[in-house]
Amino acid sequence: MSALSATDEHATPTRAKAIQPAWVRAVHWTNAVAMVVMIMSGWQIYNASPLFGFTFSRSITLGGWLGGALLWHFAAMWLLMVNGLIYLTVGLATGRFRRKLLPITPEGVISDARAALTGKLSHDDLTRYNHVQKLLYAGVIVIGILVVLSGLALWKPVQLQWLTALFGGYEAARYVHFFCMAGIVAFMVVHVALALLVPKSLRAMIIGR
Amino acid sequence: MGRMRKLLIPGVDKDLLARDAAKAMPDVTRRRFITGGASLGALTLLTGCDVTDSFSAEEMLKQVSKFNDGVQAWMFNPNAMAPTFPESAITKPFPFNAYYSLDEAPEIDGNAWKLEVRGLVDNKKPWTLQELYQLPQVKQVTRHICVEGWSAIGSWTGTPLRDFLKLVGADTTAKYVWFQCADKDGYNSPLDMPTALHAQTQMTFRFGDEILPRAYGFPMKIRVPTKLGFKNPKYVMSMEVTNDYKGGFWEDQGYNSFSGS
């Protein structure tokens with residue numbers, strides 16, 4: 001991280017240190033593309049054998065039919081997994097996760113949530129996440145790991161049967177995979193809405209400052 | 001970022017470059033690409049098959065699918081057995097599933113039927129059903145997982161395919177066993193040799209305690225619990241041991257060819 005942001009500073013010496021370093025921005029947008037492809041193709045796959053009494057409109061699915069959706073899903077999974085591994089590795093190695101996401105306390109979450117709902121939450125320092133952000137970001141990382149692991153459990157219920165068993169078997173893993181997707185979509189709705197409400201946070205994720 | 005901007009093809013006007021790139025796209029795509037904008041618009045474009053073609057995304061996806069065949073062949077452990085279940089776990093009724101209705105399922109006369117054996121084998125003698133029934137059989141209660149996502153547990157009894165391949169003197173260093181079936185429109189499917197030699201891969205003659213019913217592939221299906229359901233051919237007419245990839249009914253339409261579990 002430090003190496004990358006140093007390069008950044010070198011290129012633009014007059015500017016302040018980036019709020020979002022280049023590596024974070026790169027993995028963030030790569031993840032955004034991979035996630036959207038995975039979710040839209042996943043909805044088409046879901047439609048082939050729905051778990052619940054509804055299907056997803058074809059206008060928001062990817063692939064056209066089951067076979068096409070599977071091709072997208074099993075292609076974008078590599079992008080999602082490799083990018084996710086880079087994110088987790090660099091995040092842990094540089095101490096970014098510890099620095100940015102910890103500690104998360106129940107009191108902090110409650111008081112920050114109250115402040116947010118009454119419009120009193122400050123966004124002056126974008127380099128510091130409030131407790132609600134910390135909770136959501138840490139939570140979606142955990143769900144992201146679970147969605148990949150449950151996906152692998154569905155893809156390889158024989159070769160990785162220990163993993164499938166961890167999720168309670170093949171059929172249970174389908175539900176885990178679905179609810180992880182639902183959690184990620186819920187996160188995305190809140191995340192995108194808030195990014196639009198605080199446009200400078202979106203700008204920071206695009207140009208770094 | 002600043003340095004990136006400078007390095008992006010020095011001396012080339014970015015706007016001209018974008019216009020040239022757009023020119024290379026087919027008409028409809030170009031119009032929609034330009035009007036839709038590059039981000040959200042481009043993503044919605046990808047949902048349509050025709051547009052997928054024009055991006056040549058289809059070719060890219062095929063290549064990744066081939067790569068995934070390789071990854072799965074590498075992951076395949078010949079000693080890993082598909083989990084087995086008690087009889088009480090059997091799904092009742094076990095679903096009939098095909099690209100046609102049950103009335104359209106092949107009706108095969110078991111007395112006239114003969115299994116053809118072709119390709120890289122020593123003995124190409126066709127086998128009658130009565131001859132096949134004489135071979136040692138084993139029962140398995142395993143989970144059938146459909147490419148659509150649903151699964152069902154069934155009880156299958158028959159002869160391990162690897163025993164039969166040995167019996168007919170098949171070249172087990174060949175790449176595939178290719179099955180041809182009696183389904184309408186001609187069903188066929190290739191099975192990679194390591195999977196064909198897996199202990200649980202079975203020439204199935206019985207479902208539960210009955211002779212394999214018409215719904216599940218009478219007179220013979222190939223049960224492959226390490227593969228998705230569509231790689232478990234029913235109504236099998238012939239098998240060919242071959243080094244050539246001869247394609248398959250669903251594989252040719254885009255389902256991943258290895259489709260291992």
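Observations on the structure shown:
- Taken together, the residues in region B:67-76 that are exposed (fewer than 13 other Cβ atoms within 10 Å of the Cβ) and within 11 Å of chain A (Cβ to nearest Cβ) amount to 1.
- Criterion: hydrophobic (A, V, I, L, M, F, W, C), away from every other protein chain (no Cβ under 13 Å), touching a residue at least 60 places away in the same chain (Cβ under 8 Å) and surrounded by 16 or more Cβ atoms within 10 Å (Cβ to Cβ) - qualifying residue of A:VAL185, A:VAL148, A:VAL132, A:VAL198: A:VAL148
- Residues (touching an Asp or Glu at 6+ places or on another chain (Cβ under 6 Å) and among the polar types (S, T, N, Q)) located in region A:46-78: A:SER49
- Being surrounded by fewer than 19 Cβ atoms within 10 Å (Cβ to Cβ) and either within 25 Å of the chain's Cα centre (by Cα) or outside the structural domain of B:ASN232 (by TED's automatic domain parsing) (or both) holds for only one residue in B:PRO126, B:PRO93, and it is B:PRO93.
- Subset tally (residues that are of a type in the set (Gly, Ala, Ser) and either open to solvent by less than 40 Å² (accessible area, probe 1.4 Å) or facing another protein chain (nearest Cβ under 8 Å) (or both)) for region A:15-59: 9
- Candidates in region B:187-199 are the residues that are buried (at least 21 other Cβ atoms within 10 Å of the Cβ) and over 14 Å from B:MET239 (Cα atoms); of these, the one that is farthest from the chain's Cα centre (by Cα) is B:HIS198.
- Out of A:LEU80, A:LEU92, A:LEU101, A:LEU88, one residue alone is modelled with pLDDT under 95, under 22 Å from the mean Cα position of the chain (by Cα) and not acidic (Asp, Glu). It is A:LEU101.
The values are calculated or read from the model by the stated rules, or taken from the named source; none is laboratory data. Note that this is a predicted model, so its numbers are computed, not measured. For neighbour counting, all protein chains shown are included, and Cβ atoms are generated from backbone atoms with ideal geometry for every residue, glycine included. Remember, those area values only see protein heavy atoms, side chains included, never the ligands or the DNA or RNA. Shrake-Rupley method; radii C 1.70, N 1.55, O 1.52, S 1.80 Å.
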